[in-house]
């Protein structure tokens with residue numbers, strides 16, 4: 001009655017506060033679902049409650065077929081029967097849409113190449129369907145390996161493909177609100193952005209999908225290269241710098257004089273001091289001239305084909321402090337990719353060792369540490385990693401999330417196999433967003449309700 005305005009309320013309420021009160025109880029207790037249906041119908045008709053409620057709902061909607069929302073209600077009912085019910089009350093965006101007597105919600109999605117497009121999202125849209133719609137619109141050959149990411153506050157979170165999109169966003173905003181209580185009774189407004197990006201790189205081959213290379217692969221790999229995570233020769237650096245310049249300006253040579261000022265955008269940060277700015281400029285211009293006539297898209301592909309040869313291509317990188325191996329540097333660079341977990345010397349970029357996923361028997365983490373157990377119980381090796389000062393507090397969970405999803409990839413490990421449990425009962429839930437796994441690789445972490453951040457992606 002309060003929601004419909006039939007019962008006056010003295011205080012101002014947020015748009016979805018009352019809808020939360022209506023739906024939360026029903027979502028937690030199965031018997032209340034039919035009761036909510038009945039109460040809503042009784043507000044609109046004299047239909048009596050019956051033990052077999054569905055036919056009454058259908059007949060009610062059919063009797064109101066001339067109402068502009070009846071068709072949408074019937075479609076939602078069928079989709080709910082087919083796909084299952086939502087787990088959370090409606091998101092604010094959904095409530096505002098229905099108050100304006102529409103069910104059409106268009107959501108802006110951002111891409112790594114700094115473009116964006118609007119896509120229609122329904123209350124029944126799951127992340128997997130959303131990804132398929134986006135990949136179809138962008139003419140990608142396959143949605144495999146791509147994922148939605150929600151950026152809210154200071155977190156970037158991957159959306160599990162089986163989740164209803166608005167359920168996930170609602171869960172995320174609720175979690176942020178709980179972690180940041182209201183001040184003076186005012187609940188902070190939480191805006192979010194949705195990104196669509198490559199998440200798994202195990203089957204990525206440059207040249208296989210030109211649109212994916214142009215929109216995603218180039219722009220997602222470029223920042224990792226410029227941060228100095230890869231080991232490369234000086235000749236490769238010259239060639240790549242010229243290609244990056246060509247992607248920026250194509251055949252326009254008028255920016256040559258500013259090359260010394262834009263070295264951070266062309267050269268890995270740890271290599272810039274190896275040459276003078278003028279020497280860098282001469283080398284970049286020389287290699288640029290060798291690539292004469294190449295288009296912006298061709299330059300992107302050439303860039304990707306060069307870095308694809310490196311063993312660290314498509315990696316998620318972490319800078320960590322290790323406390324178990326005296327022969328290794330105290331600060332290590334960790335790369336997680338289809339080959340496994342590589343420990344890298346951050347100064348030389350030499351790969352010290354690579355542990356295939358098939359050799360990792362257990363891991364556990366907290367906000368400031370991560371433990372990996374290599375080998376079996378008879379000859380186990382423990383690697384203890386600590387979060388360096390200055391990294392975000394959910395570092396351990398982010399690391400675990402990357403490790404888990406790569407180990408589950410069909411192409412994981414050098415032998416093309418993946419870490420599996422000793423029985424078929426291994427949980428398929430992602431530890432970054434859900435409960436721990438069992439059997440062969442045990443994953444333990446703190447603060448289960450906290451979603452794992454994907455800050456490295458943006």
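Selection over region 86-120 of residues that are within 20 Å of residue 170 (Cα to Cα) and surrounded by 13 or more Cβ atoms within 10 Å (Cβ to Cβ) gives a count of 19. Going by what's in this entry, would residue 370 be described as in a strand (DSSP E or B) and touching a helix residue (DSSP H, G or I) at 6+ places or on another chain (Cβ under 6 Å)? Taking the combined requirement at face value, the residue satisfies it. The test for being buried (at least 19 other Cβ atoms within 10 Å of the Cβ) and touching a strand residue (DSSP E or B) at 6+ places or on another chain (Cβ under 7 Å) holds for residue 126. Among the residues of region 93-124 satisfying the criterion of being outside any loop (DSSP other than H, G, I, E, B) and modelled with pLDDT under 85, which is farthest from residue 148 (Cα to Cα)? Going through the qualifying residues, I end up with 99. Here residue 233 meets each of (1) more than 26 Å from residue 342 (Cα to Cα); (2) surrounded by fewer than 18 Cβ atoms within 10 Å (Cβ to Cβ) with one exception, condition (1).
Only helices (runs of 4 or more DSSP H) whose full extent lies in region 20-92 are considered here, and the ones with at least 2 residues that are modelled with pLDDT of 75 or more are 54-63, 70-83.
Conditions (1) assigned to a loop (DSSP other than H, G, I, E, B); (2) under 21 Å from residue 402 (Cβ atoms); (3) modelled with pLDDT of 90 or more, marked per residue:
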position: 288; (1), (2), (3): no, no, yes
position: 294; (1), (2), (3): yes, no, yes
position: 299; (1), (2), (3): no, no, yes
position: 324; (1), (2), (3): yes, yes, no
position: 335; (1), (2), (3): no, yes, yes
position: 342; (1), (2), (3): no, yes, yes
position: 349; (1), (2), (3): yes, yes, yes
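For the residues 309, 290, the requirement of being surrounded by fewer than 14 Cβ atoms within 10 Å (Cβ to Cβ), within 26 Å of residue 336 (Cβ to Cβ) and outside the structural domain of residue 335 (by TED's automatic domain parsing) singles out 309. One residue is enough: does region 153-168 have a residue meeting the conditions free of Cβ contacts under 8 Å to residues at least 24 places away in the same chain and surrounded by 18 or more Cβ atoms within 10 Å (Cβ to Cβ)? No, every residue in region 153-168 fails to be free of Cβ contacts under 8 Å to residues at least 24 places away in the same chain and surrounded by 18 or more Cβ atoms within 10 Å (Cβ to Cβ). Tell me which residues, restricted to region 152-169, are assigned to a strand (DSSP E or B), in contact with a strand residue (DSSP E or B) (Cβ under 8 Å, 6 or more places away or on another chain) and under 19 Å from residue 110 (Cβ atoms). Result: 152, 156, 157, 158. When each of 213, 174 is tested for being in a helix (DSSP H, G or I) and surrounded by fewer than 18 Cβ atoms within 10 Å (Cβ to Cβ), the lone residue that passes is 174.
So for region 193-209 (the condition being farther than 30 Å from residue 345 by Cβ, in contact (Cβ under 8 Å) with a residue 40 or more places away in the chain, out of contact with any helix residue (DSSP H, G or I) (no Cβ under 9 Å at 6 or more places or on another chain) and assigned to a loop (DSSP other than H, G, I, E, B)), does at least one residue qualify?
Yes, region 193-209 contains a residue that is farther than 30 Å from residue 345 by Cβ, in contact (Cβ under 8 Å) with a residue 40 or more places away in the chain, out of contact with any helix residue (DSSP H, G or I) (no Cβ under 9 Å at 6 or more places or on another chain) and assigned to a loop (DSSP other than H, G, I, E, B).
Here is a yes/no grid of residues against (1) surrounded by 14 or more Cβ atoms within 10 Å (Cβ to Cβ); (2) closer than 28 Å to residue 115 by Cα; (3) not assigned by TED's automatic domain parsing to the domain that holds residue 339:
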position: 191; (1), (2), (3): no, yes, yes
position: 222; (1), (2), (3): yes, yes, yes
position: 261; (1), (2), (3): no, yes, yes
position: 266; (1), (2), (3): yes, yes, yes
position: 276; (1), (2), (3): no, no, yes
position: 281; (1), (2), (3): yes, no, yes
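The values are calculated or read from the model by the stated rules, or taken from the named source; none is laboratory data. In this text the structure is predicted, and so the values were computed from the model without any measurement. Using ideal geometry, Cβ is built from the backbone for each residue, glycine included, and neighbour counts are taken over all protein chains shown.
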